[in-house]
Structure formats: structure tokens, C-alpha cells
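Asks: Pasting a structure below so you can have a look.
Readers should treat all values here as calculations from the given coordinates under stated rules, not as data from a laboratory. This is a predicted model, so every value here is computed, not measured. Here the Cβ positions follow ideal geometry from the backbone for every residue, glycine too, while neighbour counts run over all protein chains shown.
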Amino acid sequence: MYDRNGSLEFREAAIDETTGTFTVRLQFPNPDHVLLPGMYVRGLIEEGIAEGNFLVPQNVVSHTPEGEVTAKFVNKDGKVEVRTLSVQRSIGND
């Protein structure tokens, strides 16, 4: 693992349909010259943080007959209640 954060400088608008990839340009501090020109790396890119949101495992999510997304939560009184969720997207199994 590389212990320094970088910044996203460029992201290609189109995805290559044959490989499912797109080009990005990232810039990292490299004072120890660990990163060399032409190296391929695997990275995790966080484009933003959605404040006030959380991940829910998909296996605990249900759908009502009307198509609403719901999950069961334990409220402050220790009782289980069903809540309707506003889903933005899936991330892995969440």
C-alpha cells in the first residue's frame, strides 16, 4: 500500500465497452521515488463522500409490492421497525 493520498487530475468521459475501463490521471507526492514512470497500479478512487448516508447489506433489504425498498431497524426503544430507504446506488454487496 502506498501511504500518500493523491488527487484526481483527469477522468475520461467514455468507458471502453470491450474492456470496461477508462483512463484517469492521478497526481501523487513521490518524495522517495517509489512510483516510477510507466508503472501500472491498482487504486481506490473516492470521488466524494455523501454525508449522512450509510451502507446497508443487500441481504437485509426487502421490497414492498409497490416496489419501495425497506429494511428493519432497531429504534431507540429497542423495538424493531420497518423503514423505507432512499437508495442511491449499490456498492459491492451493500
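Asks: Separation of region 23-38 and region 67-94 by C-alpha centroid, Å?
Replies: Here the answer is 41 Å between Cα centres.
Asks: Counting other Cβ atoms within 10 Å, keep those with at most 16, restrict to DSSP loop, and tell me which chymotrypsin sites (Phe, Trp or Tyr not before Pro) in region 37-94 are left.
Replies: Answer in residue order: 40, 54.
Asks: Can you tell me which of 75-85, 21-31 comes out highest on packing, and rank the rest after it, using the mean Cβ neighbours within 10 Å?
Replies: 21-31, 75-85
Asks: Once semi-axes √(5λ) of the Cα gyration tensor in Å is worked out from the coordinates, which option in [x] 38, 12, 8; [y] 28, 12, 9; [z] 39, 19, 11 does it equal?
Replies: Of the labelled values, this structure produces [z].
Asks: To continue, here is another question. Restricting to Cα pairs below 8 Å that are 6+ residues apart, what does the relative contact order work out to for the chain? Please round to a whole percent.
Replies: Details: 76 pairs, mean separation 15.1, N = 94.
After rounding, I find 16 percent.
Asks: Do any GluC sites (Glu not before Pro) in region 7-57 lie in a loop, going by DSSP, with at most 12 other beta-carbon atoms within 10 Å of their beta carbon, and if so which?
Replies: Here the GluC sites (Glu not before Pro) that fit, given the DSSP loop and packing criteria, are 12, 17, 46, 47, 51.
Asks: If amide H atoms are built 1.01 Å from N in the plane of the peptide, which residues on other chains or at least 5 residues away come under 5 Å of the amide H of residue 26?
Replies: 9
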